[in-house]
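To keep things clear, I will list the structure first and then write my remarks on it.
Every number here is computed from the coordinates shown, using simple stated rules; none is lab data. No experiment lies behind these values; they were computed from the predicted model shown. Neighbour counts are summed over all protein chains in view; Cβ atoms, including those assigned to glycine, are modelled from backbone coordinates with ideal geometry.
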Amino acid sequence: MTNRMIFLAFLFVLMMPLRFSLAQSNDLDSLKAEAVSSIDSLAKLNQEIIDSLFSFAELGFQEFETQRYLTEILEQNDFEVELGIAGIPSAWWASWGSGEPVIALGSDVDGIPRASQMPGVAFRQPMIEGAPGHGEGHNSGQAVNIVAAMAVKEIMESKGLPGTIVIWPGIAEELLGTKAWYARDGLFEGVDAVLFTHVSNNLSVSWGRARGTGLVSVEYLFDGVAAHGAGDPWKGRSALDAVELMNIAWNYRREHLHPLQRSHYVISNGGDQPNVVPSSASVWYFIREVSADGIRNNFSTLHQIAEGASLMTDTSMSRRIVGAAYPRHFNRPIALAMDENIKKIGLPSWSENDQQFAKALQTLMGAEEPEGLATELAGITPDLEQPISGGSDDIGDISWNVPTVTLRYPSNVRGLQGHHWSSAMAMATPIAHKGAIAGAKVMASTMLDLISNDTLVEEAQNYFDDVQTAEEQYRPFISPDDPPAINKNQDIMAKFKPMLEELYYDPDRFETYLDQLGIDYPQLTPTEIRRN
Ligand SMILES: [Zn+2]
């Protein structure tokens, strides 16, 4: 071999990895393009899932119609489904494929109490007075995941790519009721990445510490002695007194808590009638803080106060954990890869009707200059340097067990009120449908990044091991034997389900749920709606 030949051979070897990765990235781009067009062809399924879940309007732990409907779709698509995981009857775990990477897609499915609202109309009109509704938009996330999974599965099958896709639901997210239990029961052992998705009004992702809080949700139950309220009240010991004293003490203590904490309660049982001294009463607290230690400290303060209330009233006290959520921390390498996909996919193209409807909702909610739907990407949110208080999501617990990100997709309108009927108004309209399709495209592209690229899986794990958990380790708020609060919302759903059933979406008879309801989208003024 001449020197020149050696040099050329050397050059060739040097170039090889470059050529190889270039070919790979071309392949990857074409796989992503394939997924995107396959998702466009799944738009009808996407719309049916969103509209069906909207019409089921089920509250946390009672999502049985949702479970039946979605697992049937998954089984039809060759997913193996296990029902009732982690001792939660309405939960499931659906998996397809084999080998690594194992990618688990999650999204919440439960509704909000009293948020029943006709979709596609810009005025307050409950579908059923007092009934639950999707006033958070949790009817749309499973559509994002299922449609993305179907597109990627098709590609994996045709190209013979190894990997496992899991689809799981956030049951009772509004109660922060299940994800810590999933983690406790080891469901995510062996999972390489969790791609979670949550409804929003833009298409975005974040990494590092997320804004918002974690929490413990705990119910204190007091037991006293019943007596005639007028005949011999001195013989009674009021459990309701204990509840009231506990609340007073907490509200005094609030002044001396760090301002970023959030805490709130409802009296879940205040006794039966005034002339019977309440022998049983309970109060249900959410204790939120921006750090896990802050939550633990405030929870122990609350517990001490409950003990004090029990002492003062001569009643006995017990407690049960209803929910738990760790402050969230999201994975940097996966978020960066996802953000690249977000930039490629972009926001949906909204119609005039969509914009007109969004502005009408914003005006209804008090906006002087309604801005309509987002037309510019919000961009990636990096690790927060200073904590920002706010809501919680029990995806936090999963994010401390496996590399996790949350994709936010634009199925709702900005400027509305959270946990409120206004946030249900767009959730069975073209806005919800288009937003979820955009989300599914980003989800599928990111799944393909993980499947076709070992390094991303490795980098994600390295970030989790060497950065995220280097200084802070997960110490769950629930004990090994706290049961999930699966009886919550049973009574409410027993009351409303028969009425809701009459309004379930029937995709065999109607193109969309708006068609079934006889709504001329966007319906801006209160006129009589005649159901089809
Ligand atoms: Zn939510």
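Okay, here's what the table says:
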| quantity | calculated |
| --- | --- |
| By average C-beta atoms within 10 angstrom, highest first, the peptides 317-325, 498-506 | 317-325, 498-506 |
| By average C-beta atoms within 10 angstrom, highest first, the peptides 402-415, 483-496, 159-172 | 402-415, 159-172, 483-496 |
| Alpha carbon centroid spacing (whole Å) that separates segment 369-426 from segment 219-287 | 35 Å |
| Between 0 and 90°, nearest 10: helix 239-253 axis offset from the chain longest Cα axis | 60 degrees |
| Length-normalised contact order for the chain - Cα pairs under 8 Å, 6+ apart - percent | 24 percent |
| Two-site label geometry, Gln273 and Phe510: point separation in nm, points 7 Å out along Cα→Cβ | 4.3 nm |
| Helix 332-345 axis, angle to the chain major axis (alpha carbon atoms, nearest 10°) | 70 degrees |
| Between 0 and 90°, nearest 10: helix 292-313 axis offset from the chain longest Cα axis | 10 degrees |
| Ordering of 96-105, 139-148 by burial proxy (mean other Cβ atoms within 10 Å per residue, highest first) | 139-148, 96-105 |
| Calculated diffusion of the chain, Stokes-Einstein form, Kirkwood radius summed over Cα pairs, 10 °C and 1.306 mPa s, µm²/s | 64 µm²/s |
| Among beta bridges that DSSP assigns inside the chain, antiparallel share in %, nearest 5 | 65 percent |
| Between segment 468-532 and segment 85-138, the Cα center-to-center distance that results, in Å | 5 Å |
| Where labels lie 7 Å past Cα in the beta-carbon direction, separation of Tyr252 and Glu80 in nm | 5.9 nm |
| Cα gyration tensor shape of segment 282-414, rounded if a/c is under 1.5, else prolate or oblate by comparing a/b with b/c | oblate |
| Extension gain (nm, one decimal) between His303 and Asp185, 0.36 nm per residue minus Cα-Cα | 39.9 nm |
| Which listed pairs, of Lys32/Lys359; Lys153/Lys497; Lys44/Lys179; Lys153/Lys434; Lys32/Lys434, have C-alpha distances above 24 Å, in listed order | Lys32/Lys359; Lys153/Lys497; Lys44/Lys179 |
